[in-house]
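The values are calculated or read from the model by the stated rules, or taken from the named source; none is laboratory data. Here the structure is a predicted model, which is why all the values come from computation and not from measurement. Here the Cβ positions follow ideal geometry from the backbone for every residue, glycine too, while neighbour counts run over all protein chains shown.
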Amino acid sequence: MSTRATKSGINREVAEKLASKYDAQLAGQCMQWISQQIGEGFDTSGESSNVYTQLKSGQRLARLVNVISPGKVSQKMIDGANKMAFKQMELINKFIDACKSLGVPDHEAFATVDLYEEQNMVQVITCISALMRKFGLGPKEATENKREFTAEQMKAGQSVIGLQMGTNRGASQAGMSMGNTRHIVD
């Protein structure tokens, strides 16, 4: 695999902003959860480089998929991903597909390169924590709060001017004098 050039300009600023949002404590919790689910002991520290190192091959994520949905990824496929990049990326992609099929929204999922090339580890942790929420770990998901309004309430709301639209109350140009007055010369 070729190494990428160092980022500069706005790309570096974006990368630094993403890196500043990384939550090592949440990442550690995600790593511990993965370790418990697959029954494998490994370094579960939440440091970004450790998460990348532990999950890059996709094997642990594929084992997690098999714990959640047995038989989704063949053991032969998991074992064959030791050194081949496209096989590793395929396992990562299987994990992403499994997350989406379990109800993780698209905006919380990550792209394969986010993990494989260590591009956006914040999104990787976001996806894993969203998957954890599906199993009752972490903050509770919001539920729909549908509201019903009568025709009378809807009609009353149409006569109200929202503050986003602005207001002209108290606005006048009385007393304003700007610049010099106009001089007419004969």
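For region 6-20, the criterion of a residue being farther than 27 Å from PHE86 by Cα and either assigned to a loop (DSSP other than H, G, I, E, B) or in contact (Cβ under 8 Å) with a residue 40 or more places away in the chain (or both) is satisfied by at least one position. Those helices (runs of 4 or more DSSP H) of region 68-119 in which 2 or more residues are within 23 Å of the chain's Cα centre (by Cα) and surrounded by 12 or more Cβ atoms within 10 Å (Cβ to Cβ) occupy 85-101, 112-116.
For ARG60, the criteria (1) at pLDDT below 95; (2) among the basic types (Lys, Arg); (3) not in a loop (DSSP other than H, G, I, E, B) hold in every case but one, which is (1). Please work out if THR44 is free of Cβ contacts under 8 Å to residues at least 40 places away in the same chain, on the phi < 0 side of the Ramachandran plot, more than 16 Å from the chain's Cα centre (by Cα) and part of a loop (DSSP other than H, G, I, E, B). Taking the combined requirement at face value, the residue satisfies it.
Within region 52-93, the set of residues being touching a residue at least 24 places away in the same chain (Cβ under 8 Å) and closer than 30 Å to THR143 by Cβ comprises LEU61, LEU64, VAL65, VAL67, ILE68, SER69, LYS72.
When region 136-152 is filtered for residues that are modelled with pLDDT of 85 or more and surrounded by 10 or more Cβ atoms within 10 Å (Cβ to Cβ), only PHE149 remains.
Filtered by the rule that a residue be at pLDDT below 95, among the hydrophobic types (A, V, I, L, M, F, W, C) and out of contact with any Lys or Arg (no Cβ under 6 Å at 6 or more places or on another chain), region 100-112 gives a lone residue, VAL104.
Only one of the numbered conditions (1) of a type outside the set (Lys, Arg); (2) surrounded by 13 or more Cβ atoms within 10 Å (Cβ to Cβ); (3) more than 20 Å from the chain's Cα centre (by Cα) is violated by ILE10, and that is (2). The residues of region 20-36 that are out of contact with any Lys or Arg (no Cβ under 8 Å at 6 or more places or on another chain), under 18 Å from SER69 (Cβ atoms) and surrounded by 13 or more Cβ atoms within 10 Å (Cβ to Cβ) amount to a single one, TRP33.
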